[in-house]
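Everything below concerns the one structure shown next.
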Amino acid sequence: MLFLLNDVVLNLDGAQMAPPVAAQRFKALTMGFVEKLGRELFSEEPLLPHRHPERARRLAGLIMLKQPTVNAALFVAQARGCSESLVAVRYAQISFEVMGLLYERQQAGSLTTVEADRQVWRRLAA
């Protein structure tokens, strides 16, 4: 499964995400808790998907576990070390075609933050 976290397309293999025993424990978590965890992670490291891809995969996996229709998340921290309350969060469900296009561009080394924004987040649109 593919999941867009900010401007990085993560390839999530369900079998590798969590063993069945751990998956049962994760079911008890709420989406609010998962979002708070994401805010904390991004306040510590705004470039989480680039600098800590395994942490990013685990966060994306938790988001998908709690909200199966969500396949994209955007966490925007104002600065490294900012309060978690200042981290903005958005979720999206993007089409298979757009996700595939983004993944192809990433594999070719041509996916940029601007391209991900244009295709999904539209933060820079005028």
Q. Taking helices (runs of 4 or more DSSP H) that fall entirely within segment 1-113, which contain at least 1 residues that are charged (D, E, K, R), within 19 Å of ARG123 (Cβ to Cβ) and within 15 Å of the chain's Cα centre (by Cα)?
A. 31-44
**Q.** Single match in VAL98, VAL89 (criterion: touching a strand residue (DSSP E or B) at 6+ places or on another chain (Cβ under 7 Å) and either among the β-branched types (Val, Ile, Thr) or farther than 14 Å from ASN6 by Cβ (or both))
**A.** VAL89
**Q.** Residue satisfying condition, being surrounded by 15 or more Cβ atoms within 10 Å (Cβ to Cβ), modelled with pLDDT of 95 or more and in contact with a His (Cβ under 9 Å, 6 or more places away or on another chain), within set GLU45, GLU84, GLU35
**A.** GLU45
**Q.** Sole exception among (1) assigned to a helix (DSSP H, G or I); (2) at pLDDT 95 or above; (3) of a type in the set (Val, Ile, Thr) for VAL120, by number
**A.** (2)
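The values are calculated or read from the model by the stated rules, or taken from the named source; none is laboratory data. Since the model is a prediction, treat every value here as computed from it, not as a measurement. Note that we place each Cβ from the backbone using ideal geometry, even for glycine, and neighbour counts take in every protein chain shown.
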